[in-house]
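What follows is a set of notes on a single structure, which appears directly below.
The values are calculated or read from the model by the stated rules, or taken from the named source; none is laboratory data. No experiment lies behind these values; they were computed from the predicted model shown. Note: ideal-geometry Cβ built from the backbone for every residue, glycine included; neighbour counts use all protein chains shown. Note: accessible area is taken over every heavy atom of the protein model, side chains too, but ligands, DNA and RNA are not part of it. Shrake-Rupley method; radii C 1.70, N 1.55, O 1.52, S 1.80 Å.
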Amino acid sequence: MSTNQALEGVGSFLDDRLHGARGIRIFLRKVFPDHWTFLLGEIALYSFIILLLTGTFLTLFFQPSMSTIVYHGSYLPLQGVRMSRAYASTLNISFDVRGGLLMRQIHHWAAALFMAAIFAHMLRIFFTGAYRKPRDVNWLIGIVLLTLGMLEGLFGYSLPDDLLSGTGLRILEGVILGIPIVGTYLSFFLFGGQFPGNDIIPRLYVIHVLLIPGLILGLIAAHLFIMFHQKHTQMPGKGRTEKNVVGAPMYPYFMAKTGAFFFFVFGVLALLSTVAQINPIWLYGPYNPVSISAGSQPDFYMGFLEGTLRISPSWTWDLAGHTVAWNVLFPALVPLGLLLTGAALWPFIERWATGDYAEHNVNDRPRNAPTRTAIGVAAVAFYSIMLLEGANDLIADHLDIPLYTITWIARFAVFLGPALAYFLTKRICLGLQRKDRDLLEHGLETGIIRQMPDGEFVEIHRPVSEEKRAVLLSKKEPVALPAPGAADENDIPAPATRGLAGKLRATANRVITESVPLTGGNGHGNGHGNGHGGSHGDEAERAAVGAPHSPVADGDVAAPGTVARDNGQQSGDAGS
């Protein structure tokens, strides 16, 4: 019996019982667009898979216990030192388990890569407007995944019970104690008594290996299912419309590419873990509540919160015998809460302000949404300043600058930096829009100067390519609402601007929709803005560029390396 006959027999056996052949055919013919930024989500997914694999290995040897023992292991500098079983088992994994240190390193680097990929992936989604209807639910899932990832990382690197991670738990206890009225009760509940107690490591272990990974796994599954059902967004280009997807089929092209990319990510993490040391807990020693190491820094995704705590001035209230430590509570909860809440609400704020309730399957170029891009860059600047402030002691030491000077610089920069980033980014985006408009009107400069019969010298321009022109014309002109207080010829205010909410909406609309309008032109101008294409010609060319060429339905399989177009005609797709 040949291999094909054996596979056919197994397939028939399964299909007769599960009736999955049709669904598998649809899945294998699914079209995926191609762009390098789409790899960011894949990096996050593959990093999580590697985290599950390496974490399973580590759980076989780690002992989540805070009971005290005397160490007599392979690491001689800590011989005879009293430590928890959690710390001793981590030393055992690092020095006595074959491949244990490599697994620890891969696990930690994979966690850092997972968070970095989520950050980058969500920034790509924000800057390109991929969160818009119908993908706003997936955007909210992404924000929850980001939050869970931060908590998972915090609890994970707290498990070894070393001096560095114990310092982080001490900060966490201080934040919890800063919550008015219930803070003390919450702290005693979490730590099982007075800090550090004997229960925090076992409890964090259960949360880290069972609860949060289960939630992340379920949310990732939901995220991928929704993405598959709604189709992937695509970058603007020739032949790409709101009703099709231009790319390559799942089998064999995308399956081979994404499989190879998984092993590439795994190889990079393995190489990095081999040559770059991370979290050497044996250098820190076991946790002792009366000790702290100099230059303590959390992982980058928690460094933001470290910076907010260090930048905060002394600010407390004494009310009815209770002290409210605003200098701990406010920086720990408010800045990150504003960022995450603002990101979650932004799709709905933008939709309310612009009145755009249409579905969007083609992404925006960041320059074509200057206000959105400027807000995103301002948020990145705010986060970066706080991250740097989280290392203010190291910066002060290396640059030989007083520590409090660094802190005061950060206190001003945290307000001035985002404002400056917003202004500059918006001006740059508007300038790039004017450049695009000039390309459409005049074409590309060739550097060739020609003398006309009347003696005039002009520079020859060549028209932009069809692909480039399709990208330039993908910009959708925003719809502007009437200005606040605007009235018609009968002095009746426009309904959209009535009341406080109407005025706020009109003002937000004017800010968000600020843009440079495209003008008629086909890239055949003579260098003076006198293009030869009229308005009717422009519309005809735009229609021609936007039309798909020989589309291949989602149910068809394109040859490897060719382009397929999913027109949403296959049953079972989001468009059907």
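Summarising the label geometry, the points placed 7 Å from Cα in the beta-carbon direction at residue 359 and residue 465 lie 3.1 nm from one another. Given 10 Å bins starting at zero, what is the percent of C-alpha pairs of region 1-150 in each, up to the one with the largest pair distance? Once binned at 10 Å, the Cα pair distances of region 1-150 give 9, 22, 20, 21, 18, 8, 2.
Report the net charge of residues surrounding residue 293, where surrounding means a beta-carbon distance below 13 angstrom and charges are Lys +1, Arg +1, Asp -1, Glu -1. Here the charged neighbours net out to -1. Cross-link check: pairs 238/475; 435/503; 475/503; 435/475; 238/426; 238/435 evaluated at a Cα-Cα cut-off of 24 Å; pairs beyond the cut-off: 435/503; 475/503; 238/426. Each other residue within a Cβ distance under 12 Å of residue 407 adds +1 if Lys or Arg and -1 if Asp or Glu, for a net charge of 0.
Taking amide hydrogens as modeled 1.01 Å from N in the peptide plane, which residues meet the under 5 Å criterion relative to residue 246, leaving out close sequence neighbours? It is 566, by chain and number. Extension gain, residue 316 to residue 225: 0.36 nm times the residue separation minus the Cα-Cα distance gives 28.0 nm. Counting 0.36 nm for each residue step from residue 457 to residue 140 and taking away their Cα separation leaves a gain of 108.4 nm. A P(r) calculated from all alpha carbon pairs of region 67-184, with 5 Å bins opening at zero, reads 2, 10, 13, 14, 14, 13, 11, 10, 6, 3, 2, 1, 0 percent. Applying 0.36 nm per residue to the separation of residue 210 and residue 243 and subtracting their alpha-carbon distance, the gain on full extension is 7.8 nm. Applying the Karplus relation 6.51 cos²θ - 1.76 cosθ + 1.60 with θ = phi - 60° to region 251-263 yields 3J(HN,Hα) values of 10, x, 5, 5, 4, 5, 5, 6, x, 5, 5, 4, 5 Hz, where x marks Gly and Pro. Treating each Cα of region 94-252 as one equal point scatterer and applying the Debye formula with no solvent, the log10 of I(q)/I(0) at q = 0.08, 0.12, 0.13, 0.16 Å⁻¹ comes out as -0.37, -0.73, -0.81, -1.03. Here the simple spin-label model places points 7 Å from the Cα toward Cβ, and for residue 72 and residue 396 these points are separated by 4.5 nm. Residue 198 sits among other residues whose Cβ lies under 12 Å from its own Cβ, and their net charge, with Lys and Arg +1 and Asp and Glu -1, is 0. Phi angles of region 342-353 translate, via the Karplus equation with coefficients 6.51, -1.76, 1.60 and θ = phi - 60°, into HN-Hα couplings of x, 5, 5, 8, 4, x, 7, 5, 4, 5, 5, 6 Hz per residue; Gly and Pro are given as x.
Note on residue 24 and residue 96: with the Förster distance fixed at 41 Å, the Cβ-Cβ geometry gives a FRET efficiency of about 0.35. Alpha-carbon geometry of the chain: the Rg and the Dmax are 29.0, 98 Å, given in that order.
Carbon-plus-sulfur fraction of the accessible area of region 166-291, 1.4 Å probe, in percent? Answer for region 166-291: carbon and sulfur cover 73 percent of the accessible area. Taken over the Cα atoms of region 275-367, the convex hull encloses 253 Å³ per residue.
Rolling a 1.4 angstrom probe over the protein heavy atoms with all chains in place gives the chain an accessible area of 51 Å² per residue. Computed FRET efficiency, Cβ-Cβ of residue 294 and residue 42, R0 35 Å: what is it to the nearest 0.05? After rounding to 0.05, the efficiency reads 0.35. With all protein chains in place and a 1.4 Å probe, the accessible surface of region 1-101 carries 62 percent carbon and sulfur. Ranked by the mean number of other Cβ atoms within 10 Å per residue, highest first, peptides 319-330, 56-67 order as 56-67, 319-330.
Scanning residues 5 or more positions from residue 481 or on other chains, none has an amide H under 5 Å from its amide H, with H placed 1.01 Å from N in the peptide plane. Once each of the GluC sites (Glu not before Pro) sitting in a DSSP loop with at most 11 other beta-carbon atoms within 10 Å is removed, the chain keeps 1-455 as its longest stretch. Each residue of region 35-41 was assigned a 3J(HN,Hα) from its phi angle through the Karplus expression (A = 6.51, B = -1.76, C = 1.60, θ = phi - 60°), giving 7, 4, 5, 5, 6, 4, x Hz with x at Gly and Pro.
When the Cα convex hull of region 277-330 is projected onto planes of every orientation, the mean area is 5.6 nm².
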